[in-house]
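Written out below as structure tokens is the structure these notes cover.
Rule-based calculations on the coordinates, nothing more; no lab input. The shown structure was predicted, so the numbers you read here are calculated from the model rather than taken from an experiment. Here the Cβ positions follow ideal geometry from the backbone for every residue, glycine too, while neighbour counts run over all protein chains shown.
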């Protein structure tokens, strides 16, 4: 059991009427997923990655839930994301790992935020900020072991280590950790994973030979945390798995529970005669007299225009096909020829955990040729975010 978590609605969800469009975040699902990841991690700690506003699930609420469920640390991309968590009263260690040399490192240092550095220039900028406010900065070195994205390259890494040795001796910075990121973790047997592991171990040894002693080292993301226990090291860094979305979809749910349900309330039910077209361009024409329902979400709210006529919603306990183009503010679904039991105000589920037969985020990803990360982070616009404990969305 996790400790009770006191939550309040976010400002955008504070209105007297029920939201027309709503992303409901099941915090019990988040807690379940974190506990599952902790089990897989064994003796290693779990850092819950809550970047991008917790993959659009709400960083503060998810962070509190994850920590209560057993995560020990938090990871974000930017300093502003980390400061937001501190301002919410969260005291757990927080790592931020993608900032330019002119970022507000002083704000991070004042807030006791661990700063990831990927070059000697980044490190020197952190040191300058530390000197300017008279405090010691805590840093983590990111080494590039083959992803060739963020992280110190093979050429840059020795320069970064040499500079770090000097700055630690000066008392300006303190090394806490060394980490890297995998390129093929969603293919657990891919040979480059072992290559990256060996490069990572070698990089740690280079630091130790220079006299540096990292408190911890970490490499695994969600996929590796669930499939490669040999890569756990001192900590794992799951992201997408915390939100219940499988990091390896072809392996199924992997025991995870999706946390986000996207739903909208029916705005209008009406009849359409046979031969009449629906929505812009009349790309869908009724073959028979039918009823339609209008739902107030569109591409401004994260429903990709490319989904037009290619997705279903769960409405009235039945999967209903979308018809016609996705508009900026609305989509239309076909209710069929019989007088409907669906009424204005009823909820239509666009995607969710799938327990009631509704679509899941992966369905949209497959249709669009993308990944479920993009589906959940793409929900936006007038969609209110609310929180629940458990799956009851009636």
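If I take every Cα pair under 8 Å that is 6 or more residues apart in region 260-388, average their sequence separation and divide by the length, what percent do I get for the relative contact order?
28 percent
If you run the Gaussian network model on the chain, springs between alpha carbon atoms under 10 Å, then out of 256, 123, 167 the most flexible one is 167. The residues 77, 341, when put in order of fewest to most other Cβ atoms within 10 Å, stand as 341, 77.
Between rounded, prolate and oblate, where does region 154-271 land on the alpha carbon gyration tensor, with a ≥ b ≥ c its root eigenvalues, rounded for a/c under 1.5, else prolate if a/b exceeds b/c? It comes out prolate by the Cα gyration axes. Using only the C-alpha atoms, the convex hull of region 283-352 corresponds to 87 Å³ per residue. Separation of region 245-309 from region 42-87 is 32 Å, based on Cα centroids. Counting neighbouring Cβ atoms within 10 Å and putting the fewest first, the residues 318, 333, 49 line up as 318, 333, 49. With neighbour counts taken as other beta-carbon atoms within 10 Å, the residues 174, 149 rank, fewest first, as 149, 174.
Rounded, prolate or oblate: which one fits region 42-243, using the alpha carbon gyration tensor with axes a ≥ b ≥ c (rounded when a/c is under 1.5, else prolate when a/b beats b/c, else oblate)? Oblate, since a/c reaches 1.5 and b/c is not below a/b. Taking a quarter of the surface of the Cα convex hull of the chain gives a mean projected area of 20.9 nm². Three semi-axes describe the equivalent ellipsoid of region 260-388; taken as square roots of 5 times the Cα gyration tensor eigenvalues and ordered largest first, they are 23, 16, 13 Å. Averaging Cα coordinates gives a centre for region 177-214 and one for region 342-381; these two points are 36 Å apart.
The mean sequence distance of close C-alpha pairs (under 8 Å, at least 6 residues apart), as a share of the length of the chain, puts its relative contact order at 18 percent.
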